[in-house]
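Every number here is computed from the coordinates shown, using simple stated rules; none is lab data. If you're wondering where the values come from, they're calculated on a predicted model, not measured in any experiment. Here the Cβ is made from the backbone with ideal geometry for all residues, glycine too, and neighbour counts use every protein chain on show.
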Amino acid sequence: MAAIIQRIALAQEDELSVSHVFWFFLAAKPEELDGGLPLHDLPIEQPPIGAFCIMDFTLSPEHQEFADSVARFARDKLAPGALERAHSSHYPWDTARLLSEQGLLGITFPEEDGGQGGTLMHAVLAIQQVALHCPKSADIVQAGNFGPIRTFVEYASPEQKKRFLPDLLAGQKLISLGMTEPDAGSAVTELKTSATEDGDHYIINGSKVFSTHSPEAELFLVYVRFGPGVGGIGSVLIEKGTPGFEVGKPSSFMNGEQWSQLYFENCRIPRENVLLGRAVSRSRSRASTWSVWATRRARWRWVAMRSTMRASMRSPASSLGANCVNSRACNGSLPRCG
Ligand SMILES: Cc1cc2nc3c(=O)[nH]c(=O)nc-3n(C[C@H](O)[C@H](O)[C@H](O)COP(=O)(O)OP(=O)(O)OC[C@H]3O[C@@H](n4cnc5c(N)ncnc54)[C@H](O)[C@@H]3O)c2cc1C
């Protein structure tokens, strides 16, 4: 149907209008979707965000090539042992390192950050193809591309990235998200975990529940309250072992992934660990580079909290061919997959 509509629109060489197309809400600019939509061929210059567009679910040849390559790797290297992995409560670190070597962690992240420079579509295809052979390994690919690591890459400073990202992308460490609280689940704006300024530090008090992978994570992206209201919410990075921070007894979600309650009791973290600071006016902000930097990003906190997927769609729309099949990931690793 999409192809027919496209042909009609092209034949008419007309402006795209609602009467030509199935209506579909487009959440990102078409070039950011890496060919997932046929809009490039339509006689429209720049469809606005929210335009009504055609959706074509056919994979491009390069997407198909990438999917096939990942599928071969998953069949040969991950299918053996899949059952054992599924029944183990432990995070399979050896598999995480293998997936990292294959370029399947950080697929959408910029190459300068140590990622593959791919797109959302590549990451989704990788998860899909790995899941067909080993669901537990697909969880690793998911954790290495979406959720807190995605937010971290989007908002961390160069120094924070340098400190934490290499180990995360090498499959040697995990980052866990501390957002939900015992009394603030869906109503996340009710979160109470506090961050109180103390010189060049913040003192964290409160608790979190349901943080996926928290029993084995080394780094925690924790949403905190710097002050009242939505504008008072921000996030900090807390490392395992920081005095005043305790990870509780592990529990399992129905999918087998583990979580623990997180407890913060006068947990002191340096200002450098603020990811998204409180929204204060420039005149009130401190002279510290970190404070200014964090304040500048504060207005994006809501996007970061609720729209990891949308953040993914803003990733560079470099082509798969340039990054995952023909060059870095594939020349370097994926061809070895099969
Ligand atoms: C597999 C899994 C992994 C997770 N991983 C993480 C993680 O890594 N980090 C993290 O911080 N959290 C995580 N969570 C927690 C998840 O974000 C919360 O479960 C979610 O925010 C809902 O909160 P809640 O469970 O307290 O439900 P509640 O907020 O208590 O909601 C219960 C029910 O009430 C409904 N409801 C709530 N408010 C209203 C309202 N105003 N009007 C109508 N209906 C309403 C909800 O839709 C829901 O059906 C995870 C959860 C799951 C299941």
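Laid out as a table, the results:
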read-out	value
Mean-position separation - Cα centroids, the stretch 67-92 and the stretch 178-244, in angstrom	33 Å
Protection-proxy order for peptides 236-247, 84-95, each taking the mean of Cβ atoms within 10 Å per residue, highest first	236-247, 84-95
Dimensions (Å) - the stretch 134-205, Cα atoms, principal axes, largest first	41, 31, 18
For the stretch 60-146, the Rg and Dmax computed from alpha carbons only, in angstrom	12.3, 38
Neighbourhood net charge (15 Å Cβ-Cβ; Lys/Arg +1, Asp/Glu -1) for ASP183	+1
Long pairs among LYS77/LYS162; LYS173/LYS240; LYS136/LYS161, criterion Cα-Cα beyond 20 Å	LYS77/LYS162; LYS136/LYS161
Kirkwood Rh (inverse of mean 1/r, distinct Cα pairs), the stretch 152-242, angstrom	13.9 Å
Residues with amide H under 5 Å from that of GLN116, placed H, sequence gap 5 or more	ILE107, THR108, PHE109
Overall dimensions of the stretch 202-277 by Cα: Rg and Dmax, Å	12.7, 37
Summed residue charge, Cβ within 14 Å of HIS133's Cβ, Lys/Arg positive, Asp/Glu negative	+1
